[in-house]
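J.: Next up is a structure, given as structure tokens.
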Amino acid sequence: MTDTPESMHELLAGYALGDLSPEEAEALRAALAEQPELATELQKLQEVLAAMPYALPEVPVPTELRSQVLKAAQVPTIRPRSGRRILPIALSSVAAIAALAFGLDNWRLREQLATTQAQVASQKDLIAMLQQPTTELVTLKSTDEMAADATGNVVVTPGDQGVIVALQNLPPLQTGQYYYLWVEENGKKVACGKFTSTGTGNVLVKLVLPTVATSKNLAITVENSPQMSAPQGPMIMTSTL
Amino acid sequence: MDDDENRRSTLTDSELVAAMRTGDAAALATLYDRYSSLVYRLALRILSDAEEAADLTQDVFLALWRGNRYEANRGSLSSFLTTLTRSRAIDRLRSRSSKLRFLQRWSQLMTTQSSSNPFEVASLEQRSEFVREALTQLPDKQRQVLELAYYDGLSQSEIATQLEAPLGTVKSWSRQGLLNLRKQLQSLLD
């Protein structure tokens, strides 16, 4: 850190602290493109900031916590049939896109990811549902050009009215349009709920079915009204049973 | 401590993470022994509630166990853990957003005790001493601003309001504070 001007150090510090103005961020991005070695210094500053808690007074950790953590680690997590885990797929792709956009890892990005993780963690019923041994994953496949790259799963627990929809590459809709999830019961499609897609194309929502579904025949349509009782719009994804 | 534990306690963080990803729960136990004190003290500092701090500590180690998001080439495991702990703690703090709890935090900070866990924490203690010493070398304002931003999750403008100082000055204090801290800790990090 000897041959870098002081103003550049200030920018690096501001970046690590997350307080750059848009102009400063642009100046730093340009400098990082020219001098990639600055990224090393940036990482050091992030490490320094993250080392602050070492200075906190030591407090005894509750002794029973160790066995609790190790016991909780033994609870198996659900894996979809493809062998990949469902939540990390959705989250890691968000992070990957963000990392590309920023061009490098940084404290703020990690914070955002951690916040996203915390939001997921806060949905305890969702996590609890994923941990139930009877939980099943229903894979959805695209059936329409409009969402040709869309993939994903719906998590269903027998006897539970809640389902979790986790989809990727779902195109954003126009205002006033909604994606609808339907379950086919006795030859009739019943609405499970509606959702929209964000700019990233990732969807992670929990829907509550009107009744406990016995069927796992699922379909997603695009509808022009927020109050649909039967599908009218194009079917873009269906379950692959 | 049996032979196996002895062997593990000599492994680096990266080696333990690699072992953990093969499903080796004993590696998680070793990492817990190494860093639970750091994670817990940070969680307690931000949340001021022993039960919540324990709950968050569990969350953080389970996230490490189940997730694949830590990458050694992007920084130390220690900074990954403190960054994750801080984010989740501040998130919890915001979600409860109770002024009463906020006040309680300060009174509870006064009653912290010293740990007497002797063996595993030796290097943690050394690092702690080092960072404490480095922070005392900082001008008061720089240290104060860094702590307000880090532990209380306050934005620079919130800090400016609280300290009744111009925003530009607050930014300068925090940036200079971080750069000074980096100089103080240079030998530890380079």
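Just so you know, all these numbers are worked out from the coordinates, no wet-lab data involved. Since this is a predicted model, take the numbers as computed values, not measurements. Because the Cβ atoms are built from the backbone with ideal geometry, glycine has one as well, and the counts that use them run over all protein chains shown.
J.: Any chance you could get the radius of gyration and Dmax over the Cα atoms of segment A:133-239, in Å?
T.: Cα only, segment A:133-239: 12.7, 39 Å (Rg, Dmax).
J.: Starting from the Kirkwood Rh over alpha-carbon pairs, what translational D in µm² s⁻¹ does segment B:26-101 have by Stokes-Einstein at 20 °C and 1.002 mPa s? Can you show the working numbers first?
T.: Numbers: Rh = 12.8 Å.
Diffusion coefficient, whole number: 168 µm²/s.
J.: Let's see if you can work this out: charge +1 on each Lys and Arg Cβ, -1 on each Asp and Glu Cβ, no other charges. What is the dipole magnitude of segment A:1-71 about its Cα centre, in debye to the nearest 20?
T.: Numbers: 4 positive and 13 negative charges, 128 e Å.
Charge dipole, segment A:1-71, about its Cα centre: 620 debye, nearest 20.
J.: Using only the Cα atoms, work out Rg/Rh for segment A:1-71, with Rh taken as the Kirkwood radius, to two decimals.
T.: On the way: Rg = 18.1 Å, Rh = 14.6 Å.
Radius of gyration relative to Kirkwood radius: 1.24.
J.: Also: Counting other beta carbons within 10 Å of each residue's own, what order do A:Thr214, A:Thr143, A:Thr221, B:Thr22 fall into, fewest first? The partial results should precede the final answer.
T.: Numbers: A:Thr214 10, A:Thr143 17, A:Thr221 23, B:Thr22 7.
Arranged by neighbour count, lowest to highest, A:Thr214, A:Thr143, A:Thr221, B:Thr22 become B:Thr22, A:Thr214, A:Thr143, A:Thr221.
J.: Using the count of nearby Cβ atoms within 10 Å as a rough guide to exposure, how do B:Phe130, B:Phe80 rank from fewest to most? Please list the in-between numbers first.
T.: On the way: B:Phe130 17, B:Phe80 24.
Ascending Cβ contact count within 10 Å gives the list B:Phe130, B:Phe80.
J.: Right, here's the next one. Go through B:40-47, A:165-172 and give me the packing order, highest mean Cβ count within 10 Å leading. If you can, show how the numbers build up before the last one.
T.: Details: B:40-47: 26.0, A:165-172: 19.4.
So the peptides B:40-47, A:165-172, ranked by packing, come out B:40-47, A:165-172.
J.: List the residues whose amide H sits under 5 Å from the amide H of A:Glu136, counting only those 5 or more places along or on another chain, with H placed 1.01 Å from N in the peptide plane.
T.: Long-range HN contacts for A:Glu136: A:Val156, A:Thr157.
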